[in-house]
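Novice: Pasting in a structure now, in structure tokens, and then I'll have a few things to ask.
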Amino acid sequence: MNYLNSVAASFILLPVAVLLINNILPKQFVEKRFQYLTGAVALCQMAAALSVFFMMDHAGLRTYNFTIFRNLPGSELFGIHPVSLVFLFCIGMVSLVSVMVANRTVDAKKSAYVNLLMTLLIGMNGMTLVNDFFSLYVFLDVVGLSSFVLIAMFRSRRALEGSIKYLIISELATVFILTGLSFIFMKTGSLSYKDIGSAVLTGSSTMQTVLLYASLILITAGFCVKAGAVPFHSWLPDAHQSADTSVSILLSGIVIKIAGVYGLFVLVDLFKGVKALQVSLAAIGILSVVAGALLALRQTHFKRIIAYSSVSQIGYILLGLSTGTTLGLIGSVAHVFSHAAFKTTLFTNAAAVHEQTGTLEIDEMGGLQSRMPVTAFSSAIATLSTAGIPPFAGFWSKLLIIMALWTSGSAVLGGFALCASILTAAYLLRLQKKVFFGKTPEHLASVTEVTGSVRLTEILLTAVTSIVGVFFPFILLYLQSKGLI
Amino acid sequence: MFMDIIIYISLAFLLFFCLMAVMSHSMLRSAIYLALASATLSVILYMLGAVWAAVIEVSACSGLVTVIFISSISLSKMGKEDVQKLFATKKQMGLLPVLLVFVGIALVILAVSHGFTLPSVAQEAADTFRTVFWDTRQLDILGQIAAVLVGGIAVSVLLRKDESEK
Amino acid sequence: MQIFNFETVMLFVGILMITAGFYCMIRTYHMLKIIIGIEVSIKAATLFFTLAGYLNGHIGLAQAFVITAIVLEVIVVVVFGGVTIRLYQKYGNVDIRNLTRLKG
């Protein structure tokens, strides 16, 4: 049990340690080796998530509460569930990809990048590990501030503009969430997960019921803004386009999911059975899926198309969440993982194309398939996974979500989600055709394949998508044997 | 009775100062109105029994935030005529008092027609502020330290002079 | 008027303050005025928390929440001010209508 405690505590303590190391050691030494430092943290996080899963399984625990600081007995501050373990693994994976891409794209301000990445990790790990809604809010604010500074780090006009738009809308969401929390606090005496529950909504006077429903609306709206769901998505394309590509990988791969979707997971888990919440999440979900796909069809900037695609996929995750069944929950969590895999592949391809050709407007590109074969191949695999073609990972997660929608009664939504796959394939195929196929313009005739860590990342991510897709039935059987399905 | 009168007067002042901070033309006056609103809020917090929160509110918001705000204003100084020309504040924010009066009347009508009452004051809980803040909410302290770190990094990244900037 | 004790009036004043704060955040063109909107909104949330703590007796816990929210708010003001100063150095004024480079 002590071993489990120390491994689980490493989620918070390891980024803190690297933060200290980065600032204490001399700057030249650290800047030459920054990718090893941060890559080590990301790898350790992935390894820790997997080992905690197996250790908890071995000890037969479903949840595990622990504490790091000297504390009163009986009031454990941190708790781990299997769902949060998947999120922690995704955090590690996406951070590793971001570091490997930043190896090539970040040329200046490396130590600031490491510092901000470590605080971002502290914030995100903290969010998934706490047992208390107000601590979730505090770490949410830390995540927002870190990502805001990461976008604005290079101080170009576009970067500052994207980060200001992100900050204003994110602050609006933060104030929504804070107000909603205060209304819940008015009814119950504390904000920890044990004390809030569906029982809160019964047995109170009229004004308190009105305030509680208002707080649910406010908190849902706040988390949907942070997740980038329609109609609150307006900050997402600007922030992704104007940030450096390694930061875009972090934002789209994990920050919108931890800051937005994980909050909604907690909310749905605490307020099970509130019909209004499920209906509103389903409505926002289907709107995001369709609107995100339609808006992506008319963009001409590589990263903007991928950003609108993120909006669309967040809609799928919200649809899976809105069913309220275990199958929907598993589908959403699986889609979080597969979306992290294929979206980071697409952004890595954007980084590769940007490094080698210097531009990201797809009208200026063409025929890069013969010159950058590895990039083209990984991009094609990512496209197939996004569109939900077997045997890749995206197919299984979409299948689980659509099955969950079908069996829990809203067959119309399942049909819509299925048809929206066509739109998904449409805009991604358009991107592929314009960038990789067709005739090469003259100024790109001497473009070569990208080398080094970016190419390695593309190969690894393609392998992950394919292997997880092929072995997914075994994962499902394993979970069923453990009784989790 | 005495407490009620002070709270009503302070609430009226708070609303007035916030409204003036939003609607005022010059930024300096907005900053001063904001500081006054913070002071009034801290009086209300003290009357409700939140002593420590009142102290931190008056020192952090009314002091620190006002100083940061005024230094930002002076570092991005524009002439008075430019401000008047660019930001026609009177035209934009003129709608606000009307909106507030509407919302207020709507709330009063809703309250009277449905008989809203808030629950009465409950027994004081056993934990003092000291044990709650330092023992039970240690995670929040960790979060605050991380946030202060991010603020420090932000200032050093964003405001450092760089020769190669265009 | 048994309905209007000071707690209900406090709740209404808080709702009015939040309305004013959001209106300011949305409608203004001056970047620093947005900070004032954020501040006013968070003051209203502070008022709600303390009122809630007063009503259910956990005033110590409410104070912990309020202090944490104030610290986070100060950091947000600092970061926002920093970016505004940077943008002023690039554009010469703090008009938010300058930011039109990212379209679509």
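Novice: From the helices alone, meaning DSSP H stretches of at least four residues, give me the mean residue ellipticity at 222 nm for chain A, per-run term -39500 (n - 2.57), in deg cm²/dmol to the nearest 500. Intermediate results must be reported in sequence, preceding the final value.
Specialist: On the way: 19 runs with 352 residues, N = 485.
Mean residue ellipticity, 222 nm, calculated: -24500 deg cm²/dmol.
Novice: Based on Cβ point charges of +1 for Lys and Arg and -1 for Asp and Glu, what charge dipole magnitude is obtained for the protein assembly as shown about its Cα centre, in debye rounded to the nearest 20?
Specialist: Values: 49 positive and 34 negative charges, 325 e Å.
It comes to approximately 1560 debye.
Novice: Here's a follow-up. To test your reading of the geometry: what angle, between 0 and 90 degrees and rounded to tens, separates the Cα axis of helix C:6-27 from the longest principal axis of chain C?
Specialist: In chain C, helix C:6-27 runs at an angle near 10 degrees to the longest axis.
Novice: I'd like the Kirkwood hydrodynamic radius of segment A:280-485, using the inverse of the mean 1/r over distinct C-alpha pairs, in Å. Spell out each step's value before the answer.
Specialist: Values: mean 1/r = 0.0574 Å⁻¹.
This gives a value of 17.4 Å.
Novice: Excluding A:Tyr308 itself, what net charge comes from residues whose Cβ is under 13 Å from its Cβ, given Lys and Arg +1 and Asp and Glu -1? Before the final figure, lay out the partial values.
Specialist: Working: positive: A:Arg298, A:Lys303, A:Arg304, A:Lys343, A:Arg430; negative: A:Asp238.
Residues near A:Tyr308 contribute +4 overall.
Novice: What is the P(r) of segment A:300-352, as percent of Cα-Cα pairs per 10 Å bin from 0?
Specialist: Per 10 Å bin, starting at 0, the Cα pair percentages come out as 25, 45, 23, 8, 0.
Novice: Cut-off is 10 Å between beta-carbons; in what order do C:Met25, A:Met118 appear when sorted fewest neighbours first? Mind dumping the intermediate values first?
Specialist: Details: C:Met25 22, A:Met118 28.
Sorted ascending by nearby Cβ count, the order is C:Met25, A:Met118.
Novice: Right, another one. Sketch the reach of a paramagnetic label on B:His25 as a point 7 Å from Cα along Cα-to-Cβ, and name the residues of segment C:64-104 whose backbone nitrogen lies under 19 Å away.
Specialist: Only C:94-95 fall inside the zone, counting backbone N under 19 Å.
Novice: Hey, with R₀ at 35 Å, roughly what FRET efficiency would A:Asn23 and A:Met55 work out to, going by the Cβ-Cβ distance, to 0.05? Intermediate results must be reported in sequence, preceding the final value.
Specialist: Numbers: r = 33 Å, r/R0 = 0.93.
So, using R0 = 35 Å, E works out to roughly 0.60.
Novice: So if I place +1 on the C-beta of Lys and Arg and -1 on the C-beta of Asp and Glu, and nothing else carries charge, what would the dipole magnitude of segment A:280-485 be about its Cα centre? I want it in debye, nearest 20. All intermediate terms of the calculation are to be shown ahead of the outcome.
Specialist: Working: 12 positive and 7 negative charges, 53 e Å.
About 260 debye.
Novice: Name the shape class, rounded, prolate or oblate, that the alpha-carbon gyration tensor gives for segment A:339-407, where a ≥ b ≥ c are the square roots of its eigenvalues, rounded holds for a/c under 1.5, and otherwise prolate holds if a/b is larger than b/c and oblate otherwise. Could the numbers behind the result be given before it?
Specialist: Values: a/c = 3.09, a/b = 2.67, b/c = 1.16.
Prolate, since a/c reaches 1.5 and a/b exceeds b/c.
Novice: Which order results if A:Cys224, A:Cys419 are arranged by neighbouring Cβ count within 10 Å, fewest first?
Specialist: Working: A:Cys224 27, A:Cys419 11.
Exposure proxy ranking, most exposed first: A:Cys419, A:Cys224.
Novice: Follow-up question, since we're still on this one. I want the local charge near A:Phe34. Using Cβ-Cβ distances under 11 Å, sum +1 for each Lys or Arg and -1 for each Asp or Glu among the other residues.
Specialist: On the way: positive: A:Lys27, A:Lys32, A:Arg33, A:Lys109, A:Lys110; negative: A:Glu31.
Every neighbour counted, the sum reads +4.
Novice: Helix by helix, which DSSP H runs in chain B go 18 Å or more along their axis at the Cα atoms and have an average Kyte-Doolittle hydropathy of -0.5 or more?
Specialist: Values: long enough: B:2-23 (32 Å, 2.49); B:27-48 (32 Å, 1.67); B:95-114 (29 Å, 2.66); B:138-158 (30 Å, 1.83).
Helix filter hits for chain B: B:2-23, B:27-48, B:95-114, B:138-158.
Novice: Using +1 at the Cβ of each Lys and Arg and -1 at the Cβ of each Asp and Glu in segment A:280-485, identify which of A:Ser408, A:Leu295, A:Ser421 lies farthest towards the dipole's positive end.
Specialist: The residue sitting most towards the positive pole is A:Ser408.
Novice: Once you have all Cα-Cα distances for segment C:34-104, histogram them in 10 Å bins from zero and send the whole-percent values.
Specialist: Calculated P(r), rounded to whole percents: 18, 33, 24, 15, 9, 0.
Novice: Could you sort the peptides A:361-368, A:119-126 by per-residue average Cβ neighbour count (10 Å cutoff), highest mean leading? Could you put the intermediate results ahead of the total?
Specialist: Numbers: A:361-368: 16.9, A:119-126: 27.2.
Order by mean packing, descending: A:119-126, A:361-368.
Novice: Now for a different question. Most exposed first by the Cβ proxy, i.e. fewest other Cβ within 10 Å, how do A:Arg62, A:Arg158, B:Arg137 rank? Let's see the in-between values first.
Specialist: Values: A:Arg62 12, A:Arg158 16, B:Arg137 23.
Least to most surrounded, the residues fall as A:Arg62, A:Arg158, B:Arg137.
Novice: To continue, here is another question. When every alpha-carbon pair in chain B is counted, what percent end up more than 22 Å apart? Present the calculation step by step, with values, prior to reporting the outcome.
Specialist: Values: 8985 of 13695 pairs.
Here the tail beyond 22 Å accounts for 66 percent of pairs.
Novice: Further question on the same structure: How far is helix C:59-91 tilted off the main Cα axis of chain C, in degrees rounded to 10, range 0 to 90?
Specialist: Between helix and principal axis, roughly 10 degrees.
Novice: Follow-up. A:Arg157: net charge of surrounding residues, Cβ under 9 Å, Lys/Arg +1, Asp/Glu -1, itself excluded?
Specialist: On the way: positive: A:Arg155, A:Arg158, C:Lys90, C:Arg101; negative: A:Glu161.
Computed value for this residue: +3.
Novice: Quick one: divide the alpha-carbon radius of gyration of the protein assembly as shown by 2.2 N^0.38 Å and tell me what you get.
Specialist: Numbers: Rg = 25.7 Å, N = 755, 2.2 N^0.38 = 27.3 Å.
Cα-based Rg divided by the globular estimate yields 0.94.
Novice: Set Lys and Arg Cβ to +1 and Asp and Glu Cβ to -1, take the dipole of the protein assembly as shown about its Cα centre, and tell me which of A:Pro390, A:Ile21, A:Ala49 lies farthest positive.
Specialist: Highest projection toward the positive end goes to A:Pro390.
Novice: Give the calculated FRET efficiency between A:Thr359 and B:Val148 to the nearest 0.05, with a Förster radius of 60 Å applied to their Cβ-Cβ distance. Write down the numbers at each step before the final one.
Specialist: Working: r = 40 Å, r/R0 = 0.67.
The value I calculate is 0.90.
Novice: Another question, then. Could you tell me how many cubic angstrom of Cα convex hull volume segment A:11-107 has per residue?
Specialist: 104 Å³
Novice: From the cross-link list A:Lys27/C:Lys33; A:Lys165/B:Lys161; A:Lys226/A:Lys272; A:Lys194/A:Lys257; A:Lys32/A:Lys433; A:Lys165/A:Lys257, which pairs have alpha carbons spaced over 27 Å apart?
Specialist: Values: A:Lys27/C:Lys33 38 Å; A:Lys165/B:Lys161 24 Å; A:Lys226/A:Lys272 22 Å; A:Lys194/A:Lys257 24 Å; A:Lys32/A:Lys433 39 Å; A:Lys165/A:Lys257 19 Å.
The answer is A:Lys27/C:Lys33; A:Lys32/A:Lys433.
Novice: Amide H of A:Ser192: which non-local residues (sequence gap of 5 or more, or other chain) have their own amide H closer than 5 Å, using H built in the peptide plane?
Specialist: A:Phe133
Novice: With r defined as the distance between the Cβ atoms of A:Leu43 and B:Arg160 and R0 fixed at 35 Å, what FRET efficiency is calculated, to the nearest 0.05? Show your work: numbers first, answer last.
Specialist: On the way: r = 32 Å, r/R0 = 0.90.
Plugging the Cβ-Cβ distance into 1/(1 + (r/R0)^6) gives 0.65.
Rule-based calculations on the coordinates, nothing more; no lab input. Not measured: the values here are computed from a predicted model. Counting neighbours? That spans all protein chains shown, and the Cβs are built from the backbone with ideal geometry, glycine included.
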